[in-house]
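As structure tokens, the structure follows; a few thoughts come after it.
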Amino acid sequence: MGAKKAKFYIDGCVECNNLVYTANRKTEDSVNWPHRVVRQYQLDQEPYVTVWADMNAELFIGPFFFDGEISPESYKKTLENFVHELRQVTSSLEHPIFIHDDSKGHLSEDVTAYLERQFPHHWIGTGSTYASWPHHSPDLSPINFFLWGYIKGRVYKTPIKFNDLEELKQRIQTAFKNVTLDLLEESVEEYKIRLERVHKTKGDLVDATIYGQEVDFNQLNTWRMYAWPYV
């Protein structure tokens, strides 16, 4: 189970990571940094909601909404609701592995202790006895390269009028209802392809791909997706 959050802005602005490039060897002006920011997006103070969800090849759970940033307290409450739903729909899964990153809202002793109780030695993140989140690894999560792009593509088909956050939430819920099992399975198959490419190169640089197809970086301007082709 791979969990992730995303911000949905009223005006349709898309929050994404800073765009970076990486080289096989340092340049003289690299100042020992592993990469260099080539463009940074600054979003205005537009109204937004934070959305959290989890998915695998068989199901997704969510969306869960937050007004503003996620705090450790609100995140733990969401985890409790998530685990309740998970136990109802996946009773056949004896040892699901839960994965989340090291966002600030995830970093608390209460969250760590709760995850260890619910997924003993079967979760990935800061404080886990199983594995920590790989800070410098390419982000291969299907929820990033598929789910958020799919949801945002549907939510922002038409403008949202009057800064109506309730309409924004309703559109998000409607978009989630259109996620089919076939789409989930396809995204996880793509995830496997990406893992194989990283493994084959022993973690070295790989060509950019989207759904298994190599992509010319000049074409990326035509993609109106949240997800970037990390590998």
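Here, each number is a calculation from the coordinates, and none is a lab measurement. Note that this is a predicted model, so its numbers are computed, not measured. Positions of Cβ are generated from backbone atoms using ideal geometry, with glycine treated the same way; all protein chains shown enter the neighbour counts.
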* Could you list the trypsin sites (Lys or Arg not before Pro) in region 97-172 that lie in coil according to DSSP, counting only those with at most 14 other Cβ atoms within 10 Å of their Cβ? => Lys157
* Expressed in nm to one decimal, what extension gain is obtained for the pair Tyr114 and Lys161 from 0.36 nm per residue of sequence separation less their Cα-Cα distance? -> 12.9 nm
* Structure fact -> Note on region 150-191: alpha-carbon gyration tensor, axes a ≥ b ≥ c; rule is a/c under 1.5 for rounded, else prolate if a/b larger than b/c, else oblate; result prolate
* Asked: Around Gly68, with a cut-off of 13 angstrom between Cβ atoms, what is the net charge of the other residues, counting Lys and Arg +1 and Asp and Glu -1?
  -> -1
* Determine which residues of region 47-80 fall in the zone a paramagnetic label at Leu181 would reach in this model, i.e. backbone nitrogen under 13 Å from the point 7 Å along Cα→Cβ. => 57-60
* Low-density loop cleavage sites - chymotrypsin sites (Phe, Trp or Tyr not before Pro) in region 101-170, where at most 16 other Cβ are within 10 Å (DSSP) -> Tyr130
* To do: List the GluC sites (Glu not before Pro) within region 76-129 that fall in a DSSP loop (any state other than H, G, I, E or B) and whose Cβ has at most 13 other Cβ atoms within 10 Å.
  => Glu94
* Asked: In terms of Cα to Cα distance under 29 Å, which lysines are near enough to Lys7, apart from those fewer than 8 places away along the same chain?
  -> Lys76, Lys77, Lys104, Lys152, Lys157, Lys161, Lys169, Lys177, Lys192
